[in-house]
Structures are given as C-alpha cells and as structure tokens.
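The values are calculated or read from the model by the stated rules, or taken from the named source; none is laboratory data. Note that the structure is a prediction, hence the values are computed from the model and not measured. Cβ: placed from backbone, ideal geometry, glycine included. Neighbour counts: every protein chain shown.
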There are 4 protein chains.
Amino acid sequence: MTTEIKPRWTRRKDSRPQELLSAALDLFVEHGYAATKLSEVAQVAGVSKGTLYLYFENKEELFKAVVRETIVPNIAEAEQLIVEFEGPTRELFKRLIRTWFENINTNKLSGIAKLMFAESSNFPELAEFYRVEVIDRNELMLIQLLNRGMLSGEFKQLDLAVVPKIITAPIIMMMLWNTSFKSCAIEPILTENYIESYVDIMLAGLLKSN
Amino acid sequence: MTTEIKPRWTRRKDSRPQELLSAALDLFVEHGYAATKLSEVAQVAGVSKGTLYLYFENKEELFKAVVRETIVPNIAEAEQLIVEFEGPTRELFKRLIRTWFENINTNKLSGIAKLMFAESSNFPELAEFYRVEVIDRNELMLIQLLNRGMLSGEFKQLDLAVVPKIITAPIIMMMLWNTSFKSCAIEPILTENYIESYVDIMLAGLLKSN
Amino acid sequence: MTTEIKPRWTRRKDSRPQELLSAALDLFVEHGYAATKLSEVAQVAGVSKGTLYLYFENKEELFKAVVRETIVPNIAEAEQLIVEFEGPTRELFKRLIRTWFENINTNKLSGIAKLMFAESSNFPELAEFYRVEVIDRNELMLIQLLNRGMLSGEFKQLDLAVVPKIITAPIIMMMLWNTSFKSCAIEPILTENYIESYVDIMLAGLLKSN
Amino acid sequence: MTTEIKPRWTRRKDSRPQELLSAALDLFVEHGYAATKLSEVAQVAGVSKGTLYLYFENKEELFKAVVRETIVPNIAEAEQLIVEFEGPTRELFKRLIRTWFENINTNKLSGIAKLMFAESSNFPELAEFYRVEVIDRNELMLIQLLNRGMLSGEFKQLDLAVVPKIITAPIIMMMLWNTSFKSCAIEPILTENYIESYVDIMLAGLLKSN
DNA sequence: GATGAATGAGGATTCATTCAT
DNA sequence: CATGAATGAATCCTCATTCAT
C-alpha cells in the first residue's frame with residue numbers, strides 16, 4: 001500500500017529524466033541545438049544546471065536522448081493500425097492519415113522532425129538512428145499499405161521507391177510548418193481543410209482510375 | 001571626393017560580397033546558423049575575418065543578407081513561366097514542376113528552405129521576409145495556375161487555401177531531404193522517378209475525373 | 001529514540017576515518033591535492049560522498065588530516081633507535097639508513113614528502129607543520145647522530161647546519177622518484193645497490209680520513 | 001637580408017609566446033598545474049584570457065609547452081663543460097657543481113623539477129619527455145665525468161647505475177627546497193655552506209682513499 | 001550514522017567583434 | 001581596403017558541499 005519499501009528518493013530520481021527531456025525537447029525544438037542553453041533547460045525543468053549532468057553526460061548526449069526517447073515510444077502505435085485494420089484499403093488510408101494528423105499536434109514527434117532536418121549534418125549518428133527508426137519504418141508501413149491496395153486491385157501500379165515519400169511529404173510539411181512558424185506572424189495551416197484536400201488528391205492519384 | 005576616382009575597386013567591392021555570401025550560404029546550410037563560425041566563412045571565401053566586417057555589420061546581418069540575396073534573384077524566374085505559357089494547364093503544370101526540380105539541385109534555394117525551417121523562430125523578421133518573398137509569391141503563382149486550370153475546365157474545384165501547400169510539399173521535402181541528409185548515410189531520392197510519380201499523382205488529384 | 005541503543009556503530013566510527021585517510025592518502029599522492037576528487041576518495045574507501053563530511057569538515061581538512069595522521073605515527077619510531085643504539089656511530093648510521101630505506105616502501109611517508117613539495121605553497125600551515133614535525137625532528141635526529149660521531153672522534157668536523165640536509169637528500173630523492181615515476185615508463189631505482197653506494201659515499205665523507 | 005619581408009606584426013607575435021610561457025611557468029611552479037588559473041596566467045602576462053588560446057590549444061598544451069620550452073634551452077649548456085674541460089677530474093667536478101648551483105637560482109629549471117615530481121602521474125608523456133631530455137642526459141653527463149675520473153685513476157670503482165643519482169640528489173633537494181618553501185616560514189638553505197660541505201662529502205666518497 | 005540527489009560557484013574554452021597596422 | 005592579433009562575454013562543465021530521507 002505504501003511505497004516505503006522502495007528507496008526513498010527513487011520516485012524523484014526516476015521521474016527527473018523525463019522532466020529534463022521534456023524541457024529539453026521544447027527548447028531544442030524552439031531554438032535549435034546550439035541556441036539552447038543548458039541553464040535554460042535546467043531552469044525550465046526546475047532544477048539546477050548541475051542536476052542535468054547527473055542524468056546526461058553532456059549537452060550532446062542530452063540532445064541524443066531527447067531525440068531517441070521521443071521517437072521510440074511514438075513509433076509502434078502507428079504500425080499497429082495497418083496490421084489490424086479490416087476493410088477497403090482506401091478506408092485504411094483515410095484512417096491512417098487522420099490518425100497521423102491528429103498526432104501531429106498532440107505529439108512531440110513533429111518537433112523532432114524539424115530538429116533532424118536542421119541538425120542531421122551536425123549529428124550524423126542521430127540522423128542514421130532517425131532514418132532507421134522513423135523514416136525506414138514509416139516507409140515500410142506505407143509500402144505495406146500500398147501493397148495491400150495494389151494486391152486487392154484498388155490501387156494502380158505504383159513505384160514503391162518514391163511514392164511513400166510523396167505521400168509523406170505533405171504531412172511532414174505540416175509538421176514543419178506548424179513547429180517552425182508557430183511564433184512568427186505566419187498563419188498556421190487549417191488542419192481540417194488541409195486533410196480533406198490532401199486525402200482527395202492522394203487517393204485520386206493512388207486509386208485505379210476507371 | 002567621391003569614390004569614382006578608383007574605378008578598379010568599385011567592381012571589386014561589388015563582387016566581394018558575392019563570394020562571401022556564397023561561402024556563408026554553403027556553411028549556414030550545412031551547419032546551421034549558430035554552428036557556422038565566421039572564421040570558417042572567411043576562410044572558405046579566402047579573406048580574413050576582419051574583411052567580413054567591411055561588408056556586413058555582424059553575423060546576423062550576414063545571415064539575413066544570405067537569405068535575402070539568395071532568394072530574390074531566384075523567385076522572378078518561375079513567375080515568368082506562368083504568364084507566358086500557352087497550351088493546356090496540365091502541360092504548364094508539368095513544365096513548371098520540371099523546371100522547379102531542375103532548379104533544386106542547381107540552385108541554392110533549397111538550402112534556404114532548410115535554414116528557414118531551422119532558424120525561423122530565432123529570426124522572426126527573416127521568416128516574415130521569407131513568407132512574403134517566397135511562400136506567398138509561390139502560393140500566388142500556384143493559385144494562378146490552379147485558377148487557370150479551373151477556369152478552362154481542366155481542373156476540378158479545388159480549395160485554394162490549402163492545395164498549393166499540398167502541391168508544394170513534396171518538392172520542399174525533396175529539397176530538405178537532399179540538403180539535410182547529403183553527408184549522412186541516408187541515400188538521396190532518385191529525382192527522375194520521384195518527379196514522374198509525383199506528377200502522376202498530383203495531376204490525377206487535380207484533373208477533373210471523367 | 002536516541003541512538004545510544006545502537007552501540008554497534010560506535011566502534012565503527014573510530015575505524016572509518018582510517019579507511020578514509022588511507023584512501024585519501026593514496027589518491028592525494030597519486031594525483032595531487034587538486035586533481036583528487038572526493039567522490040573518488042569516497043568510492044575507494046567504499047563509502048558515499050556524504051560520509052566523508054561526517055568525519056572531515058571539507059577537502060582541505062581531509063588533506064591536512066591525511067598529512068598529519070600519516071606523519072605522526074611514523075616519526076617516533078626512528079627517533080628511538082638513536083637513543084637506544086650502542087656501538088660505533090658508523091654502525092648506527094648504517095642501521096639508521098637501512099631502517100629508513102626499509103620504511104620507504106612499506107610506509108606511506110614517502111608520498112607525504114612528495115605532497116609537501118608540491119602543495120606547500122598552497123598550504124603554508126601544513127608546510128609549517130611538516131617542517132616542525134618531520135624536517136626539524138629529522139634534522140635534530142641527524143645532528144644527534146653526527147654529534148655522537150664527532151664526539152667519539154669517528155667523524156670529522158662537520159657543518160651541522162647543512163650536512164643533515166645533504167645526508168637526507170638521496171633518501172628523499174628516492175622517495176620522490178619512486179612515488180612520482182611509479183606509473184611512468186621511468187624505471188625505479190634499484191634499492192639494494194643504491195643503499196650500498198650511498199652508505200659508502202656518505203661514510204667516506206663523514207668519517208675522519210686517516 | 002632585411003627582415004622587412006616578414007609580416008609587420010611578427011615581432012609582437014613572436015615575443016608573445018615567451019611572455020605567456022614565462023608567466024605560466026611562474027604560476028605553475030608556485031601553485032601547481034590544477035591550482036593555476038588561466039585567467040591568472042593571462043593577467044600576469046598582461047593579455048586577455050582569449051589570447052592564450054591563440055598560442056596554446058588548451059591548458060594542458062600550455063603546461064607541456066612550459067615544461068618543454070624551459071627545459072630544452074637549459075640542457076646543452078651544462079653538457080659543454082665536460083667535453084671542453086681540461087685538468088683533474090676533481091676540479092672538473094667542483095666546477096660542474098658550482099655552475100650547477102649557480103644556475104639553480106638564476107634559472108627556471110628548478111621549478112620544472114618540482115613540477116615534474118608533482119605532476120608526472122598526471123602527465124605521463126611529459127614525464128617521459130623529462131626523463132629523456134633531463135634525467136637521462138644528466139646521468140649520461142655524470143657517467144662521463146665518473147668514467148673520466150675512474151680511467152685517470154682519481155676515482156675509486158663506482159656503481160654507475162646509482163652513483164649519478166646519489167650525486168644529483170642533494171642538488172635536486174636544494175632546488176625543491178628553495179622553490180617549494182620559498183613563501184613559507186621555512187628558511188632557505190645557505191647555499192655557500194651547503195655547496196662546500198656537499199663537495200667535501202661527495203669527493204671523499206668518490207676519490208680513491210689512499 | 002549513512003546515503004546520494006541536488007546545488008551552484010568557479011574555471012576552461014569558444015568565437016563574434018574590434019582595431020592598430 | 002585588408003589584415004589578423006587581441007578581446008571578453010557567454011556557455012559548458014566539474015566538483016566540493018549540503019541536506020532531505
């Protein structure tokens with residue numbers, strides 16, 4: 001009933017990294033890697049500078065952890081859908097896209113995408129990690145979707161090497177758009193209309209025209 | 001009393017900034033704003049650090065100049081096409097896209113896009129400038145194109161508030177992809193196949209299905 | 001409610017400082033005062049960082065304690081010999097030197113000498129303490145020895161202000177040599193041969209040549 | 001033939017490192033490596049912190065440079081004497097020792113010796129350098145001296161593996177003594193008397209007793 | 001008594017910027 | 001116009017020290 005069995009400070013120590021990562025994510029996304037000061041991260045997380053170093057060896061490791069820890073728990077979710085879904089592929093596609101868009105704003109993944117484009121050449125290992133864990137997995141997922149549609153005769157013959165990227169592009173764009181221009185005078189994209197047109201256009205391009 | 005007495009230098013003074021801007025653009029694109037050292041810029045441009053300050057007040061102004069100077073001369077070009085082109089809009093669309101893609105690799109504009117996403121929150125005025133000079137103008141151009149198609153009855157009824165963004169997205173994506181992951185192990189997109197699929201999909205989505 | 005109920009800890013409190021001092025001595029000697037981290041001392045001693053502060057007010061006090069506690073118990077021993085010894089002074093000299101050398105390797109005193117040279121200007125009070133407790137006592141001891149030899153007619157007339165230092169020098173040197181260059185590629189001095197030559201040379205210099 | 005061909009500021013840039021090294025040497029010797037602040041070095045040298053980094057990559061390299069640059073120009077001098085000297089070896093020995101002692105106070109080499117003992121385990125490569133450039137060369141020099149004496153029949157048979165160290169010890173001791181305890185209440189050694197007794201004792205130990 | 005998480009002052013280092021030449 | 005030596009503010013990072021448990 002009580003947690004006294006566990007070491008007294010465990011809870012504190014366990015939750016701390018999450019708070020730090022969360023603060024760091026926000027700031028890295030907002031200012032970029034170099035322009036983010038660790039003192040600021042600490043301040044936002046409500047700890048002292050030194051505390052950061054109890055959990056992350058240095059700024060670079062903190063950054064890597066932010067990217068890794070944010071990505072990993074968000075990937076699997078999407079992969080489920082495809083495997084489980086029953087019904088016409090066009091409906092699956094709609095569902096998938098809608099889910100995806102819904103996650104964009106909830107989810108910190110959008111910010112990571114921006115970071116990866118911005119910092120990939122400064123952190124090649126991270127870019128590699130991102131490719132494997134996000135890009136490749138995502139493309140695989142889309143390839144499965146497209147294959148499903150082509151096999152069922154719903155979709156036309158598609159170039160699986162490039163179509164996933166084309167499909168993904170408008171979603172990424174929206175991620176980037178909203179995380180990058182949030183604080184500027186540039187108005188955010190109207191999600192609802194965007195999705196609708198996007199689905200229309202894409203499906204028209206994917207479905208067999210009869 | 002005027003500087004016209006030394007005509008030799010006049011030209012030099014004019015050309016020097018171009019070399020500096022070019023070096024700066026390359027480095028800003030590769031490493032980002034903060035990670036780019038002025039000493040490096042100077043070195044690549046073949047001048048001393050001090051010389052930079054003869055032409056640009058400081059790093060920030062250099063950055064702004066890079067963005068502005070690179071953008072401006074590249075915009076007008078595309079705008080011409082639309083006005084002048086005669087023939088079916090689908091052909092105009094194909095021409096436009098193809099020209100665009102051709103420019104991606106030639107042209108430094110791709111790098112600027114990346115920079116803007118990365119640094120827009122650090123340089124809001126620049127983001128604003130970019131929106132006006134690039135995003136808005138580009139959207140306007142696409143709106144003209146789409147209007148032309150809708151008026152001629154070739155295109156279906158389209159939401160002009162979002163479709164330009166959707167159309168642009170895969171092109172931006174490719175820009176970002178190639179400038180961001182160039183030096184990483186991530187393989188570049190195969191341009192030819194990408195364009196073909198892209199045009200197919202988009203046209204299917206834009207044209208009236210009959 | 002009081003802690004008197006737990007007598008088990010009392011003894012522990014006494015022994016703990018020795019383990020700490022021992023760990024600290026080793027590390028101070030190996031790395032110097034500033035380069036020795038208290039976390040390392042704690043780790044080597046098998047306690048937590050906090051525990052150190054139960055026994056020593058701060059790093060400086062720990063250092064002072066190390067020096068003092070290591071010196072004190074080792075001084076008296078040597079002083080005994082002279083008083084008790086019977087026989088010719090040259091034999092006493094030999095015995096004394098041999099005992100001294102034997103102690104060098106056993107004994108942590110060598111390391112302290114190194115520390116004192118290195119840190120005396122950072123810890124003047126310690127240097128003073130060292131002078132009184134080690135240098136002066138040692139010189140006094142040697143003066144007694146030399147006096148004994150001169151009175152008995154064995155030794156020539158010697159300058160008691162400097163000869164003790166000259167006699168001590170090769171022993172100190174060996175201490176320093178072995179503690180300083182232990183981990184380097186510098187080969188340690190061969191003790192046996194060193195002593196023999198040392199005693200030969202010194203005695204030749206001290207004894208009346210007839 | 002003229003130096004005008006060289007860049008204008010050469011003189012400034014050339015002398016700067018020496019001033020920095022000199023300031024650094026003083027402070028390293030006085031406080032030790034870790035306790036010496038670069039800001040202090042800069043201040044003593046009359047430059048800003050940043051300037052240090054124009055000439056030395058970091059603190060460690062500055063330290064290494066201090067050791068190397070101070071040692072190198074001081075070694076050769078002593079080596080000359082032996083080769084050139086004519087006359088009995090005992091006179092050569094006296095000359096050598098006297099020169100040596102004279103240099104101790106003039107010369108910064110004393111401080112380096114102290115540093116090497118204190119920091120050798122933190123800078124093993126430097127210790128190795130010191131061994132080769134100072135210790136070994138010095139021992140070789142003394143071996144030549146001793147050989148000269150043994151061949152001429154002046155000196156008794158000596159163990160060349162250890163006697164050079166024994167001879168050197170009192171000189172090193174004096175170096176250490178004076179540089180270490182300078183600012184403490186410990187009184188410095190009286191050089192004149194020290195040398196005299198030292199030479200007496202050593203020569204008695206080296207010369208054939210007849 | 002013992003722990004180790006948390007702190008923050010202090011110092012090394014970087015780099016945009018200035019200025020004498 | 002051009003240079004590059006010099007500057008010092010800004011930031012990362014370390015580690016002695018504290019204190020709640």
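Tabulated data for the structure shown
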item: Filtered residue count, the stretch B:31-65, keeping only those that are away from DNA strand F (no atom under 11 Å from the Cβ), more than 14 Å from every other protein chain (Cβ to nearest Cβ) and not polar (S, T, N, Q); result: 8
item: Any chance residue D:119 is of a type in the set (Asp, Glu) and surrounded by fewer than 20 Cβ atoms within 10 Å (Cβ to Cβ); result: no
item: Failed item in (1) under 21 Å from the mean Cα position of the chain (by Cα); (2) over 18 Å from residue D:173 (Cα atoms), with residue C:198 passing the rest; result: (2)
item: Residues satisfying the stated conditions in the stretch D:16-38, i.e. more than 22 Å from the chain's Cα centre (by Cα) and at pLDDT below 95; result: D:16
item: Condition broken by residue C:110, with the remaining ones in (1) free of Cβ contacts under 8 Å to residues at least 40 places away in the same chain; (2) among the hydroxyl-bearing types (Ser, Thr, Tyr); (3) not in a loop (DSSP other than H, G, I, E, B) satisfied; result: (1)
item: Checking residue A:96 against (1) part of a helix (DSSP H, G or I); (2) within 13 Å of another protein chain (Cβ to nearest Cβ); (3) in contact (Cβ under 8 Å) with a residue 12 or more places away in the chain, the condition it does not meet; result: (2)
item: Residue D:15 vs. criteria within 15 Å of DNA strand F (Cβ to nearest atom), surrounded by fewer than 21 Cβ atoms within 10 Å (Cβ to Cβ) and closer than 30 Å to residue C:37 by Cα; result: no
item: Qualifying residue in the stretch A:69-78 (condition: at pLDDT below 90, within 10 Å of DNA strand E (Cβ to nearest atom), of a type in the set (D, E, K, R) and assigned to a helix (DSSP H, G or I)); result: no
item: Residue in the stretch A:15-22 that is within 14 Å of DNA strand E (Cβ to nearest atom) and of a type in the set (Gly, Ala, Ser) present; result: yes
item: Among residues of the stretch C:32-59, those that are surrounded by 14 or more Cβ atoms within 10 Å (Cβ to Cβ) and acidic (Asp, Glu), counted; result: 1
item: Tally, over the stretch C:12-30, of residues that are out of contact with any Asp or Glu (no Cβ under 9 Å at 6 or more places or on another chain) and away from every other protein chain (no Cβ under 14 Å); result: 9
